[in-house]
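Worksheet: one structure, shown below.
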Amino acid sequence: MIEMKVAGIALDAVTRSPIVLLKDGSDRRALPIYIGQDQAKAIITALEGQKPPRPLTHDLFSNLLDAWEMTLTKVIIHALQDSTFYAVLCVAKGEEKKEIDCRPSDAISIALRTQSPIWVMEEVVVDASIPVDRDADEEERQAFRDFVSGIRPEDFIEQSRRHQKES
């Protein structure tokens with residue numbers, strides 16, 4: 001899994017639909033997730049640290065966690081199927097732990113309110129992320145190509161023999 005942070009909310013240039021943008025710790029990959037207008041407002045409110053005069057839905061959920069002495073340990077965006085992302089809230093009360101199915105937008109909004117980490121399964125990042133730093137990606141690809149081009153079959157045979165002697 002890869003821990004990601006909310007980079008912000010953007011609008012799709014064509015559809016004008018809101019997108020929450022998650023970035024990895026190295027700022028090399030970004031994961032865009034289309035969300036609804038209400039979810040975008042809830043995420044922006046949390047990012048800006050705004051407190052509504054009365055609790056909104058995600059605030060209510062956060063308040064319930066506090067009132068019942070539960071902790072949101074993390075959220076996990078674990079799957080992407082037919083252009084739909086799937087997430088779970090990982091909640092703990094003492095030693096008891098539960099995973100609760102939810103929409104990624106709700107998970108992100110609640111995670112921001114509770115300062116909980118947002119994790120994304122690697123296969124989701126691979127399938128749906130976009131490169132942010134293309135130059136660094138190309139350098140990494142070139143370094144791998146250079147490494148592979150320098151490998152000889154004898155290297156594997158020598159390594160296998162050394163491993164067998166150690167066993």
Ranked highest first by the average count of other Cβ atoms within 10 Å around their residues, in what order do 109-116, 120-127 fall?
109-116, 120-127
Mind ordering 9-18, 55-64, 71-80, 33-42 by average Cβ neighbours within 10 Å, highest first?
71-80, 33-42, 55-64, 9-18
In the range 1-71, which GluC sites (Glu not before Pro) fall in coil by DSSP and have 15 or fewer other Cβ atoms within 10 Å?
48, 69
At 7 Å along the Cα-to-beta-carbon direction for both residue 11 and residue 101, put a label point, then send me their distance in nm to one decimal.
3.4 nm
Expressed in angstrom and rounded, the centroid-to-centroid distance over alpha carbons for the range 48-89 and the range 102-124 is 7 Å
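Any read-out appearing in this document is the output of simple, stated calculations on the displayed coordinates, not a laboratory observation. Not measured: the values here are computed from a predicted model. Cβ: placed from backbone, ideal geometry, glycine included. Neighbour counts: every protein chain shown.
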